[in-house]
Amino acid sequence: MRALVTGGGGFLGSGIAKALHEKQHDVTVVGRRRYSHLPKEIKLFQGDVRDFDFLCKTMAGMDAVFHAAAFIKIWGRSEDFYSINVDGTRNVIKACLINKVPKLIFTSSPSVVFGSSSLEGVDETVPYPKNYLSEYPRTKAIAERLVIEANGRGFATVSIRPHLIWGPGDPHLIPRLLEKAEQGRLVQVGRGENKVDIIYIDNAVHAHLKACDALGFGKRPAGKVYFVSDGDPVNLWQWINEVLKKINRPPVARSISYRTAFRWGHFLEKIYSLGNIKKEPPMTRFLAAQLATSHYFTISRAKKDFGYEPVVNPEKGMDELIQSLANHREC
């Protein structure tokens, strides 16, 4: 199989590219920089998903496209979120159609169905909310709908919704936690009873490859969305404290209510917007909601439709993470 991965230099994208390479597929990566951590046999094209002509050229002859490129931030300019997450996805779809690529596997997010209230054990029938607290989930939801609508006429699409990807090499979740912990700014939001889904990097990669294998025009995954996770939700703040304990850091000692954090986030968003401050606020409404509410999902559809099962259990994943953090500190 000839496969192309957008965002192939990122945490998930590079994982998908490496896994495809290990399975002896012909892999091409599209990214904005050069990535020395990828095997030299993987072809790399430097470019942007907002460049339609560039995508058209790189997708020629592909059997499958994994679209993992996205603007993943809590705060930023609306036009950046829209141009990358929406226009970029629209370009990917159009380039696939022109090149007659038969399969598109899109990396979505469970946040596309998150408003501001808890989601506990819901499945893929849960609707999109009327309002979003951040441009990231809003634009990812638009992109996901574009992918769903594109399915048909010999072109099969599927959207995978991995939640809070973690593990060695994670540039987002764990580094943010550790940075705030080191600075003494890690504060529990809410009562600390909320449960969330997480997914180890190998499991997220495995889900994408399993979906690709099962995907085809008229096949069960075509035109559908899927939640994927490690299988069981974790208590968010207990899990955070477990990570801190294993790297000899003190547990989270301070807390604020969800209401206070939400109001503080709303105030900071206004200040940062009025002042045109590009730096991310220490709190936003979306971040407060994510830290204080429960958001976990059933993965029964993914199990049924393409045989997804986690390949790494949480205990092994945690050991791998802690070892990688220890090695990083020694370097």
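The values are calculated or read from the model by the stated rules, or taken from the named source; none is laboratory data. Note that the structure is a prediction, hence the values are computed from the model and not measured. Cβ coordinates were reconstructed from backbone atoms using ideal geometry, including for glycine residues, and neighbour counts include every protein chain displayed.
Numerical summary
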{"quantity": "Selection count, region 121-162, where residues are touching a Pro at 6+ places or on another chain (Cβ under 7 Å), surrounded by fewer than 21 Cβ atoms within 10 Å (Cβ to Cβ) and either under 22 Å from Ala69 (Cα atoms) or without any contact (Cβ under 8 Å) to a residue 24 or more places away in the chain (or both)", "calculated": "1"}
{"quantity": "Checking Ile148 against (1) farther than 23 Å from Ser229 by Cα; (2) modelled with pLDDT of 95 or more, the condition it does not meet", "calculated": "(1)"}
{"quantity": "Filtered residues of region 224-280 (kept if surrounded by 14 or more Cβ atoms within 10 Å (Cβ to Cβ), more than 24 Å from the chain's Cα centre (by Cα) and closer than 24 Å to Ala326 by Cα)", "calculated": "Lys246, Ile247, Arg249, Pro251, Val252"}
{"quantity": "The one condition in (1) farther than 30 Å from Asn313 by Cα; (2) at pLDDT 95 or above that Ile165 fails to fulfil", "calculated": "(1)"}
{"quantity": "Selection within region 163-200 - surrounded by 18 or more Cβ atoms within 10 Å (Cβ to Cβ), touching a strand residue (DSSP E or B) at 6+ places or on another chain (Cβ under 8 Å) and part of a helix (DSSP H, G or I)", "calculated": "Ile174"}
{"quantity": "Criterion: crowded, with 23+ Cβ neighbours inside 10 Å and of a type in the set (Ser, Thr, Tyr) - qualifying residue of Ser118, Ser108", "calculated": "Ser108"}
{"quantity": "Residue ranges of strands (runs of 3 or more DSSP E) in region 59-141 with at least 1 members within 19 Å of the chain's Cα centre (by Cα) and closer than 27 Å to Arg153 by Cα", "calculated": "64-67, 103-107"}
{"quantity": "First in region 229-256 and farther than 24 Å from Pro310 by Cα, second anywhere and surrounded by fewer than 18 Cβ atoms within 10 Å (Cβ to Cβ) and among the β-branched types (Val, Ile, Thr), Cβ under 6 Å, 6 or more apart", "calculated": "Arg254/Val187; Ile256/Val187"}
{"quantity": "Residue list for region 303-319, restricted to those being part of a helix (DSSP H, G or I) and touching an Asp or Glu at 6+ places or on another chain (Cβ under 9 Å)", "calculated": "Lys303, Phe306, Pro314, Gly317, Met318"}
{"quantity": "The lone exception for Gly15 - which of (1) assigned to a loop (DSSP other than H, G, I, E, B); (2) of a type outside the set (A, V, I, L, M); (3) in contact (Cβ under 8 Å) with a residue 40 or more places away in the chain it fails", "calculated": "(1)"}
{"quantity": "Region 1-13: number of residues that are over 16 Å from Ser108 (Cα atoms) and either hydroxyl-bearing (Ser, Thr, Tyr) or modelled with pLDDT under 95 (or both)", "calculated": "1"}
{"quantity": "Any hit, region 307-317, residues being in contact with a Leu (Cβ under 6 Å, 6 or more places away or on another chain) and at negative phi", "calculated": "no"}
{"quantity": "Total residues in region 142-161, condition within 18 Å of the chain's Cα centre (by Cα) and among the charged types (D, E, K, R)", "calculated": "3"}
{"quantity": "Checklist (1) at pLDDT 95 or above; (2) over 23 Å from Leu173 (Cα atoms) applied to Gly275, failing item", "calculated": "(1)"}
